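Asks: Dumping the structure here so I can ask a few things about it.
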Amino acid sequence: MEPKRKQIRVLNNEYFQAKQKEARLQAKRQKRQQQRSLLHLICMAIMGLLFTYGVIRVAQAYLQIKEIKQETVVAKRELKRTQAKNDRLKREVEQLKDTDYVQKIIRSQYFYSKDGETIYILPDDAKD
């Protein structure tokens, strides 16, 4: 038994043509809408990437600023120590210009004595 073939004929009248035209327009609209949606999605993705890049750059800048501030604090402390040491050394230089002071240092550190002077070392001094 052979299957019956159904013959389908399309009526080619104004109504059918209008419906076909409307279907083609609807398909074009849908395609355009899909393209617009894709374009919007791409634009949003690009904007998201740019925003993320900006946030990362700001975070990096913030971390660099924080690191530089810490280095500045350390450098300021070091400067204060160096200035204090410099001031102490300047005072010492001024004192070394005084002959009495120099003689006192030489006698106390190197155990030099004046003529006729005797130096006694006490037990507490021996530890030094």
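The values are calculated or read from the model by the stated rules, or taken from the named source; none is laboratory data. Remember, predicted model here, so these are calculated numbers, not experimental data. Ideal geometry is used to build each Cβ from the backbone, glycine not excepted, and the neighbour counts take in all protein chains shown. To get the accessible areas, we keep the full protein, side chains included, count just its heavy atoms, and leave off ligands, DNA and RNA. Shrake-Rupley method; radii C 1.70, N 1.55, O 1.52, S 1.80 Å.
Asks: Nearest 10 degrees is fine. How inclined is helix 14-96 to the longest principal axis of the chain, computing both from alpha carbons?
Replies: Tilt relative to the chain: about 0 degrees.
Asks: Okay, next question. Run the quick spin-label model on A18 and L89: label points 7 Å from Cα toward the beta carbon, then report their separation in nm to one decimal.
Replies: That separation, rounded to one decimal, is 10.4 nm.
Asks: Among A61, Q17, Q34, which residue has its Cα positioned farthest towards the positive end of the charge dipole of the stretch 1-80, with +1 placed on the Cβ of Lys and Arg, -1 on the Cβ of Asp and Glu, and the dipole taken about the Cα centre?
Replies: Q17
Asks: May I ask for the angle, rounded to the nearest 10°, between helix 99-110 and the longest principal axis of the chain, with both axes built from Cα atoms and the value confined to 0 to 90°?
Replies: Helix 99-110 sits roughly 90 degrees off the main axis of the chain.
Asks: A further question on this structure: First compute the accessible area of the stretch 3-71 with a 1.4 Å probe, then give the percent of it belonging to carbon and sulfur atoms. Write down the numbers at each step before the final one.
Replies: Details: 4510 of 7350 Å².
Here it works out to 61 percent.
Asks: If each of R107 and A27 carries a label point 7 Å out from its Cα toward its Cβ, how far apart are those two points in nm?
Replies: The modelled label-to-label distance comes out at 11.9 nm.
Asks: How many Å² of accessible area per residue for the chain, probe 1.4 Å?
Replies: Numbers: 13440 Å² over 128 residues.
For the chain, the per-residue accessible area is 105 Å².
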